[in-house]
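Written below as structure tokens is the structure these notes are about.
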Amino acid sequence: MKCPWEMTINRLMDDELPDQLREGAEVHLKECPLCRETLADFMILREWIKKTPVPEPRLSGEGAFLKLSSSARLPIGFLQKLRAELEEWIARPVVAFRMAVTVALMVALLLASQPDLPANLTQALHDKVRTFSERSEALFQSLHLFSGQR
Amino acid sequence: MDEERLLDRCRQGDGYAWHQLVRSYWGFCYRLAYHLLRSREDAEDAAQDALLQVYRSLSSFRGESSFRTWLYRIVINCCRAKMRRSSPLTQVANEEGNGEQELVEQPDLDRMEKADALNWALNQLSEELRTVFILREVEGLTYSEISQTLGIPIGTVESRLHRARKTLRDLLKRIF
Ligand SMILES: [Zn+2]
């Protein structure tokens, strides 16, 4: 079954009806279950398509620019190209992950060298350093003994 | 930098301005292409083609329409070319005015994610119907803007949109 107002329902939901026709369409909608169902269905489609996820492109804006600049031989400067390549390189997940790990390690090292660390942590670090120096000392002495024996 | 100035500098061959332009519109081109083609790889290719075409023909763009409308047209044309390359047989059928749709096997919609079901249904629409539907529902263009972008009368926009909605509703109603 088809209602002659069907097309008008589209215009109503798209806000394309002039005011004088809008009122009539709204009155009809109240009286016609067929058009109400059509409107509800079309609105569901609208919600669905808006919620459809769009996967991120593998290429960033920088990458797209690089591709374009090479295929179109764009007149860009050396520094600009370098910057674009660097940004594209950094945008890669593997590189970003490695950089994050490096930064975390550097922060940890910096923290460890702070003088106002909690006592137990400082102690632990001192112990490590002492063990290391004692071992070096022992090694040095054994080397010395060895050369002395000769 | 405003759009007008950016475009002027691009026309003068300023590399930095092109850098700005591509960075600003890459996402826009890709998203539109993705909605029309429903495949990330194809959308990336089409968006790249579109930007290359912008580069080649920006000097001929004289601002009769807005830059965005012009860009819409270019992206849509690149997507059409992509579709034609990937499924030449379907296109031949369309060009011959063979309105009969090939019988497609209905997948098990109940077991599909909503997004996948919608993807499948959108792929059942002809390119003409899908384009109008996406321009209205995703891009939020008015009937008159769609009519200008595609160069078709407003009445055609309305009827294509209605057909697209009805077809999608019929295909998906079971899982509404
Ligand atoms: Zn009705």
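The values are calculated or read from the model by the stated rules, or taken from the named source; none is laboratory data. Everything numeric here is computed off the predicted structure, so don't read it as measured data. Neighbour counts are summed over all protein chains in view; Cβ atoms, including those assigned to glycine, are modelled from backbone coordinates with ideal geometry.
Looking only at region A:41-58, residues that are away from the ligand (no atom under 16 Å from the Cβ) and part of a helix (DSSP H, G or I) come to 8 in all. Condition first: more than 24 Å from A:LEU59 (Cα to Cα) and either outside any helix (DSSP H, G or I) or among the aliphatic types (A, V, I, L, M) (or both). Can you find one or more residues in region B:38-61 that meet it? Yes, region B:38-61 has at least one match. Considering only residues in region A:11-40 that are of a type in the set (Asp, Glu), away from the ligand (no atom under 13 Å from the Cβ) and assigned to a helix (DSSP H, G or I), the one that is nearest to B:PHE176 (Cα to Cα) turns out to be A:GLU23. Could you tell me which residue of region A:63-77 is nearest to the chain's Cα centre (by Cα), considering only residues that are surrounded by 19 or more Cβ atoms within 10 Å (Cβ to Cβ), at the interface with chain B (Cβ under 7 Å from one of its Cβ atoms) and in a helix (DSSP H, G or I)? The residue in question is A:ALA64. Among the residues of region B:145-163, is there at least one that is within 9 Å of another protein chain (Cβ to nearest Cβ), under 16 Å from B:LEU36 (Cβ atoms) and either at pLDDT 95 or above or in contact with an Asp or Glu (Cβ under 6 Å, 6 or more places away or on another chain) (or both)? Yes; the residues of region B:145-163 include at least one that is within 9 Å of another protein chain (Cβ to nearest Cβ), under 16 Å from B:LEU36 (Cβ atoms) and either at pLDDT 95 or above or in contact with an Asp or Glu (Cβ under 6 Å, 6 or more places away or on another chain) (or both). When region B:127-139 is filtered for residues that are surrounded by fewer than 17 Cβ atoms within 10 Å (Cβ to Cβ) and either touching a residue at least 60 places away in the same chain (Cβ under 8 Å) or closer than 15 Å to A:PHE42 by Cβ (or both), only B:GLU139 remains.
Across region A:22-43, the number of residues qualifying as surrounded by 16 or more Cβ atoms within 10 Å (Cβ to Cβ) and facing chain B (nearest Cβ under 10 Å) comes to 3. Take the conditions (1) at pLDDT below 85; (2) surrounded by fewer than 11 Cβ atoms within 10 Å (Cβ to Cβ); (3) not basic (Lys, Arg); A:ALA91 misses just one of them, which is (2). Pairs meeting the criteria (first residue in region B:158-171 and in contact (Cβ under 8 Å) with a residue 12 or more places away in the chain and assigned by TED's automatic domain parsing to the domain that holds B:LEU135, second residue among the small types (Gly, Ala, Ser) and part of a helix (DSSP H, G or I), beta carbons under 6 Å, at least 6 apart or on different chains) are B:LEU168/B:ALA121; B:LEU171/B:ALA121.
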